[in-house]
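The values are calculated or read from the model by the stated rules, or taken from the named source; none is laboratory data. Quick caveat: nothing in here was measured; it's all calculated off a predicted structure. Quick reminder, even Gly has a Cβ in these numbers, built from the backbone with ideal geometry, and neighbours come from all protein chains shown.
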Amino acid sequence: MLVLGIESSCDETGAAIVKDGRYVLANVVASQIEIHERYGGVVPEVASRQQLAAVLPVIETALQQARCSWEDISAVAATYGPGLAGSLLVGLTVGKTLALAHDLPFLGVNHLEAHIYANWLRQASDADPQAGAGAEETACPYLPGDPLFPLVCLIVSGAHSELVLIRDHADYLLLGRTRDDAAGEAFDKVARILGLGYPGGPAIQRAARLAEEELRQQRSPLRNPYHLPRAWLRGTYDFSFSGLKTAMLHLAEGLVADQQPARPLPSGGRQISRYTTMGSEAARRGQVHVGLLAASFQEAIVDVLAVKTRLAAQEYHVRQVLLAGGVAANVALRARLEEELRPLGIQLQYPPIEFCTDNAAMVAAAAFFHLLHGERHDLDLDVEPGLSLPFRQE
Ligand code: KG4
Ligand code: ZN
């Protein structure tokens with residue numbers, strides 16, 4: 001079954017063709033990073049306008065790359081929440097319209113569920129008799145390489161941080177969530193404080209890696225001089241990252257003698273907030289090593305995420321742990337969690353980097369498992385910017 005997936009929940013416009021919820025025949029993403037980077041974050045009105053410009057070319061390209069026509073497609077799926085209302089509206093409306101025009105079933109997909117199902121994806125080129133557009137239809141709920149239930153999934157994206165027990169397809173029990181900032185949001189805000197740019201996650205990862213390499217090359221082994229607090233919130237699987245962000249702010253602020261007032265947007269230039277320049281200003285004066293501060297922040301956030309996930313995996317005797325969402329691309333998080341789980345013999349699975357951040361292949365994958373059960377949405381389905389996973393009550 002070939003599903004055309006469409007993703008437009010934030011600042012990425014994606015279209016993908018996925019076979020049987022797993023084999024990616026095409027995955028096209030138009031990113032707006034260059035546009036939003038000058039503002040230090042996503043501007044919703046700009047994002048939706050860009051979505052509108054990108055969505056049809058992206059779908060066309062996906063069909064071309066997969067070398068298929070509309071006759072080969074079995075269903076259309078598009079994200080309907082959570083996300084930015086204006087952005088969601090573009091992909092959802094286009095998806096419903098194309099389904100109607102080509103007389104195909106339509107399914108709205110929960111963006112968080114899509115992130116989870118990125119773990120089912122693999123390249124169609126992976127040697128497998130079932131891959132390839134021409135192969136016979138398979139409607140199999142389990143294939144070798146698929147994640148094994150019961151599992152614990154840590155969803156960490158720009159807007160969400162949730163620890164979820166998944167006992168079967170579509171069976172979600174919420175174990176814990178962030179009480180304030182999402183993990184990705186913390187990466188983005190701290191990168192801004194340190195003047196490292198947007199999006200913050202990859203920038204912090206890069207700065208931390210360089211600083212740690214530098215530290216290793218020192219003749220006398222030095223330790224990172226910065227130690228940041230961790231909010232353990234013992235007895236719960238909840239997270240809190242705003243204290244960490246504030247600690248970073250104070251550290252960077254305290255190290256700059258004369259703080260800069262907020263500056264107006266220079267004509268045609270980058271918007272510079274007081275915080276954007278603080279870290280780099282302090283670094284210039286030799287008062288703070290931005291890279292080591294980034295490394296220390298990354299270590300603190302990864303520490304809490306990895307330990308809490310391991311505790312949940314132990315308590316619920318799961319077979320696997322999954323990572324999902326943009327922060328799942330973080331190399332330090334992957335390595336640290338692997339280290340936590342190894343003694344327990346629990347396997348960690350995470351998607352390839354291109355399927356961690358927003359993409360439409362994961363939307364098509366999640367849709368497949370619903371379509372298998374005959375689920376469809378009517379064409380009056382509306383966007384739900386505040387949608388959460390459909391958690392069971394226990
Ligand atoms: O899942 P995603 O693409 O969008 C949302 O659904 O929010 O996640 C984006 C978030 C951003 O906050 C970005 O900074 C973070 O994922 N991110 C990372 C890395 N790559 C992306 N965070 C840490 N390390 C990374 N390598
Ligand atoms: Zn996302």
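If you check 42, 24, which single one turns out to be in contact (Cβ under 8 Å) with a residue 12 or more places away in the chain and farther than 14 Å from residue 364 by Cβ? Spell out the reasoning first.
Numbers: 24 fails: farther than 14 Å from residue 364 by Cβ.
Result: 42 is the single residue among 42, 24 that is in contact (Cβ under 8 Å) with a residue 12 or more places away in the chain and farther than 14 Å from residue 364 by Cβ.
Would you be able to say whether some residue in the stretch 51-68 is within 15 Å of ligand 2 (Cβ to nearest atom) and crowded, with 19+ Cβ neighbours inside 10 Å?
Yes: the stretch 51-68 contains one or more residues that are within 15 Å of ligand 2 (Cβ to nearest atom) and crowded, with 19+ Cβ neighbours inside 10 Å.
Can you name the residue in the stretch 16-41 that is out of contact with any strand residue (DSSP E or B) (no Cβ under 8 Å at 6 or more places or on another chain) and among the aliphatic types (A, V, I, L, M) and, of all such residues, is farthest from residue 190 (Cα to Cα)?
Only one residue tops the list, namely 35.
Taking the stretch 186-200, which residues are outside any helix (DSSP H, G or I) and near ligand 1 (Cβ under 6 Å from one of its atoms)? If you could, list the steps in order and put the result at the bottom.
The initial filter retains those residues of the stretch 186-200 that are outside any helix (DSSP H, G or I), namely 194-199.
Residue satisfying the conditions is 199 alone.
Quickly run through the stretch 312-334 and pick out the residues that are touching a helix residue (DSSP H, G or I) at 6+ places or on another chain (Cβ under 9 Å), over 18 Å from residue 189 (Cβ atoms) and of a type outside the set (Gly, Ala, Ser).
314, 318, 320, 321, 322, 323, 331, 334
For the condition within 16 Å of ligand 2 (Cβ to nearest atom), loosely packed, with under 14 Cβ neighbours inside 10 Å, modelled with pLDDT of 95 or more and not charged (D, E, K, R), what is the one hit in 345, 386?
Residue meeting the stated conditions: 386.
Say whether the condition of being over 17 Å from the mean Cα position of the chain (by Cα) and either under 27 Å from residue 188 (Cβ atoms) or away from ligand 2 (no atom under 16 Å from the Cβ) (or both) is met by at least one residue in the stretch 7-15.
No, there is no match, as no residue in the stretch 7-15 is over 17 Å from the mean Cα position of the chain (by Cα) and either under 27 Å from residue 188 (Cβ atoms) or away from ligand 2 (no atom under 16 Å from the Cβ) (or both).
One line per residue, one yes/no per condition, for (1) buried (at least 19 other Cβ atoms within 10 Å of the Cβ); (2) more than 17 Å from the chain's Cα centre (by Cα); (3) in contact (Cβ under 8 Å) with a residue 24 or more places away in the chain:
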{"residue": "174", "(1), (2), (3)": "no, yes, yes"}
{"residue": "180", "(1), (2), (3)": "no, yes, yes"}
{"residue": "185", "(1), (2), (3)": "yes, no, yes"}
{"residue": "189", "(1), (2), (3)": "yes, no, yes"}
{"residue": "192", "(1), (2), (3)": "yes, yes, yes"}
{"residue": "202", "(1), (2), (3)": "yes, no, yes"}
{"residue": "207", "(1), (2), (3)": "yes, yes, yes"}
{"residue": "214", "(1), (2), (3)": "no, yes, yes"}
{"residue": "231", "(1), (2), (3)": "no, yes, yes"}
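What's the total number of residues in the stretch 141-158 that are surrounded by fewer than 19 Cβ atoms within 10 Å (Cβ to Cβ) and closer than 29 Å to residue 11 by Cβ?
Summing the residues that are surrounded by fewer than 19 Cβ atoms within 10 Å (Cβ to Cβ) and closer than 29 Å to residue 11 by Cβ in the stretch 141-158 gives 1.
Restricting to the stretch 186-200, what's the tally of residues that are within 15 Å of ligand 2 (Cβ to nearest atom) and hydrophobic (A, V, I, L, M, F, W, C)?
Number of matching residues: 1.
Please go through (1) within 15 Å of ligand 1 (Cβ to nearest atom); (2) of a type in the set (D, E, K, R); (3) over 21 Å from residue 113 (Cα atoms) for residue 216 and return the number of the only condition it doesn't satisfy.
Result: residue 216 fails condition (1) only.
Inspect the stretch 52-65 for any residue being in contact with a His (Cβ under 8 Å, 6 or more places away or on another chain) and touching a residue at least 12 places away in the same chain (Cβ under 8 Å) and give the result as yes or no.
Scanning the stretch 52-65, I find no residue that is in contact with a His (Cβ under 8 Å, 6 or more places away or on another chain) and touching a residue at least 12 places away in the same chain (Cβ under 8 Å), so the answer is no.
Okay, residues lined up against (1) part of a loop (DSSP other than H, G, I, E, B); (2) more than 16 Å from ligand 2 (Cβ to nearest atom):
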{"position": "152", "(1), (2)": "no, yes"}
{"position": "184", "(1), (2)": "no, no"}
{"position": "202", "(1), (2)": "no, no"}
{"position": "205", "(1), (2)": "no, yes"}
{"position": "212", "(1), (2)": "no, yes"}
{"position": "215", "(1), (2)": "no, yes"}
{"position": "226", "(1), (2)": "yes, yes"}
{"position": "244", "(1), (2)": "no, yes"}
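Among the helices (runs of 4 or more DSSP H) lying completely within the stretch 290-392, list those that include at least 3 residues that are of a type in the set (Ser, Thr, Tyr) and away from ligand 1 (no atom under 16 Å from the Cβ).
none
For the stretch 29-47, indicate whether the set of residues that are buried (at least 23 other Cβ atoms within 10 Å of the Cβ) and within 12 Å of residue 7 (Cα to Cα) is non-empty.
To start, the set of residues in the stretch 29-47 that are buried (at least 23 other Cβ atoms within 10 Å of the Cβ) comprises 47.
Adding the requirement that they be within 12 Å of residue 7 (Cα to Cα) leaves none.
Checking the stretch 29-47: not a single residue is buried (at least 23 other Cβ atoms within 10 Å of the Cβ) and within 12 Å of residue 7 (Cα to Cα).
Consider residue 367 carefully, then state whether it is closer than 15 Å to residue 112 by Cβ, modelled with pLDDT of 95 or more, in contact with a strand residue (DSSP E or B) (Cβ under 6 Å, 6 or more places away or on another chain) and buried (at least 22 other Cβ atoms within 10 Å of the Cβ).
yes
For the stretch 308-334, give me each residue that is surrounded by fewer than 16 Cβ atoms within 10 Å (Cβ to Cβ), within 23 Å of residue 362 (Cα to Cα) and free of Cβ contacts under 8 Å to residues at least 40 places away in the same chain.
Of everything in the stretch 308-334, nothing turns out to be surrounded by fewer than 16 Cβ atoms within 10 Å (Cβ to Cβ), within 23 Å of residue 362 (Cα to Cα) and free of Cβ contacts under 8 Å to residues at least 40 places away in the same chain.
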